[in-house]
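Trainee: Encoded as structure tokens, here's the structure I'll be asking about.
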Amino acid sequence: MPEHYDVIIRGGTVYDGSGAAGVAADLGVRGDRIATVGAIAEDATAGEVVDASGLAVTPGFIDVHAHDDTLVLVEPDVTGKVMQGVTTVINGNCGAGVVPAKFSRRFGEVDGSKIPEWETYGGYLDAIAQQPPSQNVATLVGFGTMRAGALGGGKIERPATADEIAQMQSWLREALQAGAVGMSTGLIYEPDRYSTTDEIVEVAKPLAEYGALYASHVRGEGATLLDAHAEAMEIGRRAGVRVQISHHKASGRANWGRIRDSIAQIEEARARGEDVTCDQYPYTAGSTRLFALVQNGRVGDSGADAIPGSDILLAMVPQHTEWEGKSVADLADEWDVPDEQAAQRIIDEGGSGTIVVQFAMDEADVRTILAHPTTMIGTDGLGFGSRPHPRHYGSYPRILGKYVREEGVITLEDAIWKMTGFPATKFDLPGRGFIREGAIADLVVFNPDTVTEVSTYEDPRRTPIGMPWVFVNGEAIVRLGQHTHRRAGRPVRRGVDA
Ligand code: ZN
Ligand code: CU
């Protein structure tokens, strides 16, 4: 009797996600698991045979910095992520989580009628199971959302009281029990920005009981970068938890090159035995709420972290979609006002949910951070509006094309480790991130000679080329370059191989 598999991937070069060089091997999948890695007999049969000659076969990419908390429910194809090889997203970054639901702070406006209701993190993960998207979903607990809920919303500049901290801890415990991978903060945002270090340490303490981690969009990414990183590390030490610094960068022209110091600072912490790592999206532009840039004094020509209006593009303007694609400077010229005033007017008239793309980083810094061994990959994608940052569609192929093949900044096997095994290890996702027998069959098959990001700032919703196959839990989600619309995604729980 010839052997039978559900899927055979034949003749590819397998990169197992550990950072090891590729090896020629076939792959056999049964159900949701990898059954065989090695030579598979010629006469073996399968429901689907993938000819992977000349192609790389790797674990599915784990996007450690996602904001798709609601997107996975309203747009279950999650096209931008799936087509670039992301098989698991880790949502809830930058302090923006889903509990308490009433205060759920989202990077983007969505049609609420498509979103099921939940009260708890367990309920959110159950909603993913009941209405599965095309990719797996893990979640961080958003500190900012809890803080808004505990302190009652509105203007909450004061520190939390002991009772409010206890309330936040109990939400966090529920989430960790349900399988959340950690807690995030977004310390430039409302209302996270008013929390003291002491408050965050107290709230974070339950993380240690579960071995979950602390991820932070730190309090400053420009002139105050080193202090901001020091705070994240202090919180890690005092709460007894591992630390993930979100989207490591030096933002604002005056601060370019500062990442050499922040890298040295991370290396010192690691030499002391602290588990500090970071993530990165591979672009010189960031993307956030215009409100946050204004509130942090970042629009214009003055100030240590300033970004000129010509470098700030409007990605999503809820009440004036026709402004999307223009820069703040374009409107400032039209209205004959300074950039700062134009930005405020855009928020007042266009909506506080206005999202921008801001060019504020140095290409040399992007390369240095990518090459550093503490850096793993995340998109920070915000999939809303007509002009979202292209990272939502192109981060992974951009690294594989531009930074691996064209510029040689890192090797292919190192890039794969940063996209797969490294995040699976840090975020405690057993069964994922590596190709080995018995592992879950989240897989990507791409052509290392052609894989390319084609999304641009002008036309961001274009899907990459050179990535013909993506499997999630053993099912083909991308087949010969086409989305199959299968809903094979699952909720992924910390420490659970399922
Ligand atoms: Zn952030
Ligand atoms: Cu983020």
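Read-outs: derived from the displayed coordinates by stated rules, not from any lab. Since the model is a prediction, treat every value here as computed from it, not as a measurement. Cβ atoms come from the backbone with ideal geometry, glycine included; neighbour counts cover every protein chain shown.
Trainee: Provide Rg and Dmax in Å for region 286-358, with only Cα atoms included in the calculation.
Mentor: When restricted to the Cα atoms of region 286-358, Rg and Dmax are 10.5, 32 Å.
Trainee: Now, a different point. As I understand it, the value is the acute angle between the Cα axis of helix 339-350 and the longest principal axis of the Cα atoms of the chain; what does it come to in degrees, rounded to 10?
Mentor: 70 degrees
Trainee: For the chain, what number of Lys pairs, 8 or more residues apart or on separate chains, have alpha-carbon atoms under 29 Å from each other?
Mentor: 22
Trainee: Follow-up question, since we're still on this one. Within region 119-187, which GluC sites (Glu not before Pro) sit in a loop by DSSP and count at most 15 neighbouring Cβ atoms inside 10 Å? Spell out each step's value before the answer.
Mentor: Details: sites: E119, E157, E164, E174; in loops: E119, E157.
Answer by residue number: E119, E157.
Trainee: Can you list, largest first and rounded to whole Å, the semi-axes you get for the chain by taking the square root of 5 times each eigenvalue of its Cα gyration tensor? Don't jump to the answer; show the numbers that get you there.
Mentor: On the way: eigenvalues 253, 128, 97 Å².
Each semi-axis is the square root of five times an eigenvalue, giving 36, 25, 22 Å.
Trainee: Using only Cα atoms, tell me the angle between helix 121-130 and the longest principal axis of the chain; keep it within 0 to 90° and round to the nearest 10.
Mentor: Once rounded, the angle reads 40 degrees.
Trainee: Let me ask another. Arrange the following residues from fewest to most other Cβ atoms within 10 Å of their Cβ: L370, L226. Let's see the in-between values first.
Mentor: Numbers: L370 22, L226 15.
Starting with the residue having the fewest Cβ neighbours, the order is L226, L370.
Trainee: Please label the shape of region 436-475 as rounded, prolate or oblate, based on the square roots a ≥ b ≥ c of the eigenvalues of the alpha-carbon gyration tensor (a/c under 1.5 means rounded; beyond that, a/b larger than b/c means prolate, else oblate). Before the final figure, lay out the partial values.
Mentor: Values: a/c = 3.95, a/b = 2.21, b/c = 1.79.
It is prolate, given that a/c is not under 1.5 and a/b is the larger ratio.
Trainee: Let me ask another. Assuming 1.567 mPa s and 4 °C, estimate D for region 378-417 with Stokes-Einstein, Rh taken as the Kirkwood radius over Cα pairs, in µm²/s.
Mentor: 119 µm²/s
Trainee: Give, rounded to the nearest 20 debye, the magnitude of the charge dipole that region 286-358 has about its Cα centre when Lys and Arg contribute +1 at Cβ and Asp and Glu contribute -1 at Cβ.
Mentor: Computed charge dipole of region 286-358: roughly 320 debye.
Trainee: Per 0.36 nm of contour for each residue apart, how much would the distance between T45 and D227 grow if the chain were fully extended, relative to their Cα-Cα spacing?
Mentor: Working: separation 182, 0.36 × 182 = 65.52 nm, distance 5.87 nm.
Gain in length upon complete extension: 59.6 nm.
Trainee: Then there is this: Take the Cβ-Cβ distance between Y194 and T161 as r, set R0 to 22 Å, and report the resulting FRET efficiency rounded to the nearest 0.05. Before the final figure, lay out each step's value.
Mentor: Working: r = 13 Å, r/R0 = 0.60.
With R0 = 22 Å, the Cβ-Cβ based efficiency is 0.95.
Trainee: Quick one: angle between helix 162-178 and the longest Cα principal axis of the chain, in degrees between 0 and 90, rounded to 10, please.
Mentor: Its long axis makes an angle of about 10 degrees.
Trainee: Please label the shape of region 256-300 as rounded, prolate or oblate, based on the square roots a ≥ b ≥ c of the eigenvalues of the alpha-carbon gyration tensor (a/c under 1.5 means rounded; beyond that, a/b larger than b/c means prolate, else oblate). Numbers along the way, then the final one.
Mentor: Working: a/c = 2.44, a/b = 2.37, b/c = 1.03.
Because a/c hits 1.5 or more and a/b exceeds b/c, region 256-300 counts as prolate.
Trainee: Contact order normalised by length for region 286-358, with contacts defined as Cα pairs under 8 Å and 6 or more residues apart; what percent is it?
Mentor: Values: 133 pairs, mean separation 31.2, N = 73.
Relative contact order of region 286-358: 43 percent.
Trainee: In nm, what is the difference between 0.36 nm times the number of residues separating S53 and R345 and their Cα-Cα distance? Each step should come with its number before you reach the end.
Mentor: Numbers: separation 292, 0.36 × 292 = 105.12 nm, distance 5.55 nm.
Length gained between S53 and R345: 99.6 nm.
Trainee: Could you work out the pair-distance distribution P(r) of region 28-95 from its alpha-carbon pairs, with 10 angstrom bin width and percents rounded to whole numbers?
Mentor: Each 10 Å bin holds this share of Cα pairs: 15, 37, 27, 17, 4, 0.
Trainee: For a Förster distance of 22 Å, can you work out the FRET efficiency between the beta-carbons of R270 and R238, rounded to the nearest 0.05?
Mentor: Details: r = 17 Å, r/R0 = 0.79.
So, using R0 = 22 Å, E works out to roughly 0.80.
Trainee: Shifting gears a bit: If packing is taken as the mean number of other Cβ atoms within 10 Å per residue, what is the order of 337-348, 35-46, 209-220, highest first?
Mentor: The most tightly packed comes first, giving 209-220, 337-348, 35-46.
Trainee: Might you report the magnitude of the Cβ-based charge dipole of the chain about its Cα centre, with Lys and Arg at +1 and Asp and Glu at -1, to the nearest 20 debye? Each step should come with its number before you reach the end.
Mentor: Numbers: 46 positive and 69 negative charges, 151 e Å.
In total the dipole reaches around 720 debye.
Trainee: Shifting gears a bit: Where Rh is the Kirkwood radius over the Cα pairs of region 339-498, the temperature 10 °C and the viscosity 1.306 mPa s, what D in µm²/s does Stokes-Einstein return? Please report the intermediate quantities before stating the final value.
Mentor: Numbers: Rh = 17.8 Å.
Once the numbers are plugged in, D ends up at 89 µm²/s.
Trainee: Which value in Å is the Kirkwood Rh of region 220-376 over different Cα pairs? Walk me through the numbers on the way to the answer.
Mentor: Numbers: mean 1/r = 0.0605 Å⁻¹.
Hydrodynamic radius (Kirkwood, Cα pairs) of region 220-376 is 16.5 Å.
Trainee: 222 nm [θ] for the chain, helices only, -39500 (n - 2.57) per DSSP H run of 4+, per residue, to 500? Each step should come with its number before you reach the end.
Mentor: Details: 15 runs with 143 residues, N = 498.
When only DSSP H runs of four or more count, the value is -8500 deg cm²/dmol.
Trainee: Spin-label point model (7 Å from Cα, Cβ direction): what's the S386 to M1 distance in nm?
Mentor: The answer from the label model is 6.0 nm.
Trainee: Compare the peptides 442-454, 324-336 by average per-residue count of other Cβ atoms within 10 angstrom and give them in order, highest first. If you can, show how the numbers build up before the last one.
Mentor: Details: 442-454: 21.9, 324-336: 17.8.
Answer by packing, highest mean first, reads 442-454, 324-336.
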